[in-house]
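Throughout, read-outs are computed from the coordinates displayed, never taken from laboratory work. Because the structure is predicted, anything quoted here is derived from the model rather than measured. Cβ placement follows ideal geometry from the backbone for every residue including glycine, while neighbour counts extend to all protein chains displayed.
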Amino acid sequence: INVATANNRIRIPSRKLLAAQLEAAAALGAKGLVVHGGHVTAGVDPQVGFDNWRKVFERLERPVPILIENTAGGGNAMARKLERIARLWDALDGFDVGFCLDTCHAHAAGEELLGLVDRVKSITGRIDLVHCNDSRDEFDSGADRHANLGAGRIDPELLLQVCRAADAPIVVETPAAGQAADVAFLRERLGT
């Protein structure tokens, strides 16, 4: 789904898919629907993408909240860097927009995790969900490759700090082989 793009052959089907997924999420009793911010192609003013997101909120029924998730890569991404997230939130001013913070994506995007929750909340006013994932790749790599907690490039203490500060539900999207250990690690150290 890429509702930000200027390409009608991608944007229009993306809006239809988003509408269908919102309805399906509501039918399942989901608390929200996580969606990446999308991107515009090289040479297209990012404002086009922000305006396209506003049109989504103006035109689509939202039976469950949309939680926009930060993304790992893409120079033309709407939600990779905090500066772009701020512009997206400005474009969506007046609408109830949720935010999903992915730790692997933030690391890969070159956003320091120390103090990140406060920086995000100063923009979005909230964090509704944390995707707590380690990263297989280096800081600012742009690569979205999740690792089990403690097996990647992010200090597990930083991951715990983000989870504590966010004070939001947590989901791990780590490789299946170590996922149970990741959940146990978080429960033990966060007391949940």
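Work out, step by step, the length gained on full extension between GLN47 and ARG145: first 0.36 nm times the residue separation, then minus their alpha carbon distance; give nm to one decimal.
Value of the extension gain: 32.5 nm.
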- Under a GNM of the chain (C-alpha, springs under 10 Å), which listed residue has the highest mean-square fluctuation: ILE12, ILE154, ILE170? ILE12
- Can you work out the PRE-style zone for LEU190? Point 7 Å along Cα to Cβ, and I want the residues of segment 92-123 with backbone N under 14 Å. 100-104, 117
- Query: Hey, in the GNM for the chain with a 10 angstrom Cα cutoff, which one of GLY75, GLY38, GLY142 fluctuates hardest?
  - Reply: GLY75
- Item | Cα principal axis extents for the chain, largest first, Å | 45, 38, 31
- Task: Measure out, as a whole number of angstrom, how far apart the alpha-carbon centroids of segment 131-192 and segment 26-59 sit.
- Result: 26 Å
- Distant-in-sequence amide H partners of ASP134 (H built 1.01 Å from N, under 5 Å): ALA147, LEU149
- Message: Apply the Karplus curve 6.51 cos²θ - 1.76 cosθ + 1.60, θ = phi - 60°, to the phi angles in segment 127-137 and return the couplings in whole Hz, x for Gly and Pro.
- Response: 9, 8, 7, 10, 9, 8, 9, 7, 10, 6, 10
- Query: Charges only on Cβ, +1 for Lys and Arg, -1 for Asp and Glu: so what's the dipole of the chain about the Cα centre, in debye to the nearest 20?
  - Reply: 600 debye
- Task: Would you list the P(r) distribution for segment 20-129, with all Cα-Cα distances sorted into 5 Å bins from 0 and each bin expressed as a whole %?
- Result: 2, 12, 23, 24, 20, 13, 5, 1, 0
- With label points set 7 Å from each Cα along the Cα-to-Cβ direction at LEU114 and ASP167, the distance between them in nm comes to 2.3 nm
- Task: Considering the options SER141, ALA106, ASN70, tell which one lies farthest towards the positive end of the dipole of segment 32-174, charges being +1 on Lys and Arg and -1 on Asp and Glu at the Cβ, about the Cα centre.
- Result: ASN70
- For segment 57-65, in order, what is each residue's ³J(HN,Hα) by Karplus, 6.51 cos²θ - 1.76 cosθ + 1.60 with θ = phi - 60°, in whole Hz (x at glycine and Pro)? 5, 6, 10, 8, 5, 10, x, 10, x
- Task: Report the residue, chosen from GLY152, GLY94, GLY43, that carries the largest GNM mean-square fluctuation when the chain is represented by alpha-carbon nodes joined by springs under 10 Å.
- Result: GLY43
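For Cα pairs less than 8 Å apart in space and 6+ apart in sequence, what is the mean separation divided by the residue count of segment 21-80, i.e. the relative contact order in percent?
Working: 73 pairs, mean separation 28.2, N = 60.
Answer for segment 21-80 is 47 percent.
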- Item | Sparse-neighbour loop sites [trypsin sites (Lys or Arg not before Pro); segment 1-69; at most 13 other C-beta within 10 Å; DSSP] | LYS31
